[in-house]
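Mind looking over this structure? Questions follow.
Quick note: the coordinates plus some simple rules give every number you see, no bench work behind them. No experiment lies behind these values; they were computed from the predicted model shown. Cβ: placed from backbone, ideal geometry, glycine included. Neighbour counts: every protein chain shown.
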Amino acid sequence: MRDLFIIKAEPFEYFSEFEEFEEESSLEFTDQEIHSNLSRPVPKTIARHNTDLDAPYFGGNFNFLYNGGANEALITFNTYLSYRKNYSEAEKRNFINNLKRAADVWDAAAEVQVRDINGNYNDKIKLRFKLNIVRDSKNSNKKTDVHPTGSRSTWFIGKGRETVMRDLNAFIGSSRNVLVHELGHVWGLMDEYDARWIEKKLSLGHVGTSSPLVKDKKAIMNEGYADEIGNTGEFRGRYFKHFGRALLNSFWGLKNNVIPIKHNGKVVSRTVQGRIVLLKKDIAGSAPLTNDILPFNPRFTAIQVAKK
């Protein structure tokens, strides 16, 4: 899903879990700003409503907010719960609790570090993921359609299989770990596990049979989420690259961060560079590894944006 509009929102604030998100007027990225209490320029403020930030899977849909100079960026999933059946209040509470806990697993799992012209990574921006359940579907990024356990969530997927397309299709009994995986799709990530040919053929959210990522079994978007006991399903730096590139654009125009690329003595392009660093290893919240586990889990995942 493409961006509907871009807004400027200051000061930085969190929306509470059950607070409605109200649409705001459209503005482009702010110009380079200088805060009154700072002596140097600061990054631009970015706020986007109903965006996928050019994620790998265009079915992603969330709100993104970074107030220039802050050490956190906020990714919010506003959702309206639509129940396909008259479930008990206990069942509803359990489902909501699992969805909230799934969002908590993603929260602060990684940070974006921005490189300066001297090769330092002093600017560190933690990625905060939040769930906000709204009362009006018009204020949601996606509707969460809650199906009876064991039914079909869509016609071409077998029974008991969650899907994320226009809506988040889950089951009243969907576990926390399954919803961790499904929220990955909400953030714009593709399935990486091996699947039946019809699912790979018809699904627009699969990396495909030729992708080496189908071999990364421990990853959350592969089969890793299925471990409901040890919670050993692992995060990967690649899951956060689209958030990182958006943040690098916030630093465009800052002399301390824009690096000229030269060829034969001439500047042929300019780039802002950074890296993704995991703060959590896995669903259990274990400390991240301090060394590369190649080919799928490097300690640092490099990112950049470039312009001529």
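Ranking Ser175, Ser137, Ser210 by Cβ neighbours within 10 Å, fewest first, what do you get?
Result, fewest neighbours first: Ser210, Ser137, Ser175.
Ok, one more. So how do Arg101, Arg93 line up by other beta-carbon neighbours within 10 Å, fewest first? It would help to have the intermediate numbers written out before the result.
Values: Arg101 15, Arg93 11.
Result, fewest neighbours first: Arg93, Arg101.
Could you derive backbone 3J(HN,Hα) for the range 292-308 from the dihedral phi with the Karplus parameters 6.51, -1.76 and 1.60 (θ = phi - 60°), listing whole Hz in sequence and x where the residue is Gly or Pro?
With coefficients 6.51, -1.76 and 1.60, one gets 6, 10, 8, x, 9, 10, x, 5, 10, 10, 6, 9, 7, 10, 9, 9, 6 Hz.
Given Lys126/Lys280; Lys44/Lys126; Lys218/Lys280; Lys100/Lys215, which pairs have Cα atoms separated by over 18 Å? Intermediate values should be presented prior to the final figure.
On the way: Lys126/Lys280 12 Å; Lys44/Lys126 16 Å; Lys218/Lys280 14 Å; Lys100/Lys215 29 Å.
The pairs that break the limit, which is 18 Å between Cα atoms, are Lys100/Lys215.
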